[in-house]
Amino acid sequence: MEIQREMAQQNTGVPPELRIEFRIGIHVGDIIIDDNDIFGDGVNIAARLEGIAEPGGVCISDDAHRQIRGKIDIAFDDIGEQALKNITEPMRAWHIRLAGVAAPAIPSNSSAIKVQDLALPDKPSIVVLPFDNMSAEAGQDYLADGIVEAITAALSCIRSFFVIARSSAFTYKGRATNARDVGKELGVAYLLEGSVQKAGNRLRIIVQLIETEGGAHVWSSRFDGAIDDFFDLEERITEQVAGALQPSIRIAEIERSRRKTAARPGQLRLYYEGNASCLGAREGRKR
């Protein structure tokens, strides 16, 4: 809070486009220490909370909130359950309200862009979103971008898939995304997302397939390998993802069909009643 207050004071009188505003995310949890680096959900959740914090604000997890509530003079805003990228279950989060600090100014030339929802195509549709670089080292985005490009190209070769172009998918890079919103904006039923972690000479890549309509995880996998074998690892990931997506999407499509049928019980009842009436009429004619 001290950092954010001082930053707000530094930004006084500074044009909005020249201001430096931090987002801070805080979580309490276990971490994994390896080669002077830290990993695990404890780190990932804090990073995700930083992403949904307001510029100049602080966002904390429910676990962190339980540790400090009632002990310090801070006002909290409950922002409810948040679906955090690459975190399996939604997590309740809180914004810290900084007393005496005005909300960050919005540039006068900014405007909200209304995006028309797109209809789903008649075949399984998917977008491969930019993978997150979870490595502590700077300048490692090329690893994640290369894997995303290879997977996108491989999926595009499968005629039964409708695949969103890489250029459209990369507009989501660095943005906090919601599966349902992405599905509506791009007109896709599924999205593939993941993360890349580099520790020394080792790579860990996590990939997961999500259904955009309900936000359900359909399939996920983890790949480990050496940076020296990056291209072999990239090829293996691409083949396994492309191979796994076809049956996974078929299963998900069946479930989607079931949900649509369950959502129209009145139509289903009329269908069966109509069948019964036709059958009764045929029996009467035979007699």
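Readers should treat all values here as calculations from the given coordinates under stated rules, not as data from a laboratory. Every value quoted in this text rests on a predicted model; they were computed, and no experiment measured them. Quick reminder, even Gly has a Cβ in these numbers, built from the backbone with ideal geometry, and neighbours come from all protein chains shown.
For the range 125-262, the convex hull spanned by the alpha carbon atoms encloses 100 Å³ per residue.
To the nearest 0.05, what FRET efficiency results for Q246 and R202 with a Förster distance of 45 Å applied to their C-beta separation?
Efficiency, rounded to the nearest 0.05: 0.95.
The order of the peptides 28-40, 50-62 by mean Cβ neighbours within 10 Å, most packed first, is 50-62, 28-40. Centre-to-centre separation between the Cα atoms of the range 188-247 and those of the range 21-55: 21 Å.
What does the highest-first list of 81-91, 184-194 look like by mean Cβ count within 10 Å?
Averaged packing, sorted descending, gives the order 184-194, 81-91.
Calculated FRET efficiency, Y142 and D232, Cβ-Cβ r, R0 22 Å, to nearest 0.05? So, using R0 = 22 Å, E works out to roughly 0.85.
With each label modelled as a point 7 angstrom along the Cα→C-beta vector, the I33-T12 pair spans 4.1 nm. In this label model, E81 and I20 are separated by 3.9 nm, measuring between points 7 Å along each Cα→Cβ vector.
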